[in-house]
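Data first, discussion second: the structure below is written as structure tokens.
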Amino acid sequence: MVEDINQIMMKTALQLAWEAYDQGEVPVGAIIVLEGKIIARAFNKKETLQDPTAHAEILAIQEACRYLNSWHLDNATIYVTLEPCPMCSYAIIQARLRRIVFGAYDPKAGAAGSVVNLFKKKLFNHDMEVIGGILEEECGAILKKFFQNRRRLR
């Protein structure tokens, strides 16, 4: 089977999620791609930075904005291993990303359709394409492993 670009890029985001896992962070990774080139990569750092906004998506958006010297990330795609929460979803909308591709659905805080859908057409000032469930099993497995280990250690 030939892998498509979404699967290839999600594997890169998944590698970042494993880095987060190794550092005791909730294992979520994100990359931003523009014209076939990765311009930003990040993973969750809430614990490391003691910052509730240090989600992978927010950190990747900040890096991409620095790279482009602009907050407009038009024509870029964000790949993230977990469906974004409301905070990250709105940051993605504000950054004007063209597309969001995510792995695992988040039935507790997902804002791309699981709990709410902030990407619904005409809801805000910017519409984008949303693709969910890419490498869903692999993206979900790392989260499941992380939280099982965390519960076991308590």
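Quick one: helix 56-68 against the long Cα principal axis of the chain, what's the angle to the nearest 10°, folded into 0 to 90?
Result, in degrees: 40.
Can you tell me the dipole magnitude for the stretch 48-105 around its Cα centre, using point charges on the Cβ only (Lys, Arg +1; Asp, Glu -1), in Debye to the nearest 20?
200 debye
Give the dimensionless ratio obtained when the Cα radius of gyration of the chain is divided by 2.2 N^0.38 Å.
0.97
Can you tell me what share of the DSSP beta bridges in the chain is antiparallel? A percent to the nearest 5 is fine.
Close to 60 percent.
Could you give the angle, 0 to 90 degrees to the nearest 10, between helix 5-22's Cα long axis and the longest principal axis of the Cα atoms of the chain?
Once rounded, the angle reads 40 degrees.
If you place +1 on the Cβ of every Lys and Arg and -1 on the Cβ of every Asp and Glu, how big does the dipole about the Cα centre of the chain come out, in debye to the nearest 20?
Magnitude of the dipole: close to 440 debye.
Tilt of helix 136-153 relative to the longest C-alpha principal axis of the chain, in degrees (0 to 90, nearest 10)?
Orientation of helix 136-153: about 40 degrees from the principal axis.
Roughly how many Å² is the accessible area per residue of the chain, as a whole number, for a 1.4 Å probe?
Normalised by residue count, the accessible surface of the chain is 54 Å².
At 222 nm, what helix-only mean residue ellipticity would the chain give, in deg cm²/dmol to the nearest 500, using -39500 (n - 2.57) for each DSSP H run of four or more?
-12500 deg cm²/dmol
Expressed as a whole percentage, what fraction of the accessible surface of the chain belongs to carbon and sulfur atoms when a 1.4 Å probe is rolled over the protein heavy atoms?
Details: 4300 of 8270 Å².
The nonpolar share, carbon plus sulfur, comes to 52 percent.
What does the charge add up to near K121, with Lys and Arg as +1, Asp and Glu as -1, over the other residues with Cβ less than 12 Å from its Cβ?
0
The values are calculated or read from the model by the stated rules, or taken from the named source; none is laboratory data. Bear in mind that the values here come from a model prediction, so they are computed numbers and not experimental data. For neighbour counting, all protein chains shown are included, and Cβ atoms are generated from backbone atoms with ideal geometry for every residue, glycine included. Remember, those area values only see protein heavy atoms, side chains included, never the ligands or the DNA or RNA. Shrake-Rupley method; radii C 1.70, N 1.55, O 1.52, S 1.80 Å.
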